[in-house]
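Inspection log for the structure reproduced underneath, given as structure tokens.
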Amino acid sequence: MQWIYLSPHFDDVALSCGGLLWEQARSGHAVQVWTVCGGAPAEGGDLSEFAQALHRRWGTGAEAVESRRAEDIASCLRMGASWRHFNLLDCIYRQAPGGEHLYASEQAIFGELHPADLPTIQAVHRELVAAPLDAVLVCPLALGGHVDHKLTRQAAEMLGRPLWYYPDYPYVLRQAEPIPAWEREMWQARVFPVSQPGLDAWGEAVAAHASQISTFWIDAEAMRAAIKEYWGEIRGVRLWVRT
Ligand SMILES: [Zn+2]
């Protein structure tokens, strides 16, 4: 069977389901990670203060996307997955036709989608049409409300085909329930077991995104401990499907 996981950013699938991809690849499934915001901003282009501050924290400088693509390839290789990087820009780089930065603060990236971003949803949708109909498509629930996660889910849902959903880790930890109680009866969860070697691969796949560890943890060791704790709850990865 073919599984295609949609990752809004380079690290989301590794973080949320890394061990599951490893198990599936090992069982002979063809597993792919399609990263939606995989495009690089124009060289010498106008970056917001916010984007420049992120580059400093990541320790990547202006070639951030190039480094993150290389990190993703190493991560996918560890999981046994193949990869595809769409050419769309991360929200921190997107600008309105007049030059205005659409998301120039931490608050903005977890806020509402900017009206000037509607063509971005269409562009993601056009890329997703290429997904073979016999592949299982897995998209983020968009927990945490990051604009790039929301637009990935919206573009996938526009396909009008069955989808599986993964809880966005670590954002899922801040939610009491990944599916709101009122909507719960429309959803079913399935736990996919992940073994100890799968957990090891999961931690290493996330560690491959070295520039991103500081977003959530003080170091890679703290990240591994956190992933192990998350895994330990069900010794697997839970995916959701709408009934
Ligand atoms: Zn993300």
**Total residues in the stretch 103-149, condition hydrophobic (A, V, I, L, M, F, W, C), under 15 Å from residue 37 (Cβ atoms) and surrounded by fewer than 14 Cβ atoms within 10 Å (Cβ to Cβ)** = 0
**Item:** Only listed residue being charged (D, E, K, R), closer than 30 Å to residue 217 by Cα and more than 13 Å from the ligand (Cβ to nearest atom), chosen from 127, 112
**Value:** 112
**Message:** Every residue in the stretch 42-75 that is in contact (Cβ under 8 Å) with a residue 60 or more places away in the chain and assigned to a helix (DSSP H, G or I), please.
**Reply:** 57, 58, 64, 67, 68, 71, 72, 74, 75
**Prompt:** Are any residues in the stretch 69-82 of a type in the set (A, V, I, L, M, F, W, C) and buried (at least 20 other Cβ atoms within 10 Å of the Cβ), and if so, which ones?
**Reply:** 76, 79, 81
**Message:** Quick check on the stretch 193-206. Is at least one of its residues within 12 Å of the chain's Cα centre (by Cα) and within 12 Å of the ligand (Cβ to nearest atom)?
**Reply:** no
**Prompt:** Does residue 25 qualify as being within 23 Å of residue 204 (Cβ to Cβ), in contact with a helix residue (DSSP H, G or I) (Cβ under 8 Å, 6 or more places away or on another chain) and away from the ligand (no atom under 16 Å from the Cβ)?
**Reply:** yes
**Asked** Would the stretch 100-111 turn up any residue that is under 29 Å from residue 51 (Cα atoms) and in contact with a strand residue (DSSP E or B) (Cβ under 8 Å, 6 or more places away or on another chain)?
**Response** yes
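Every number here is computed from the coordinates shown, using simple stated rules; none is lab data. Owing to the predicted nature of the structure, the values given are computational and were not obtained by experimental measurement. Heads up, the Cβs are rebuilt from the backbone with ideal geometry, glycines too, and the neighbour counts pull from every protein chain shown.
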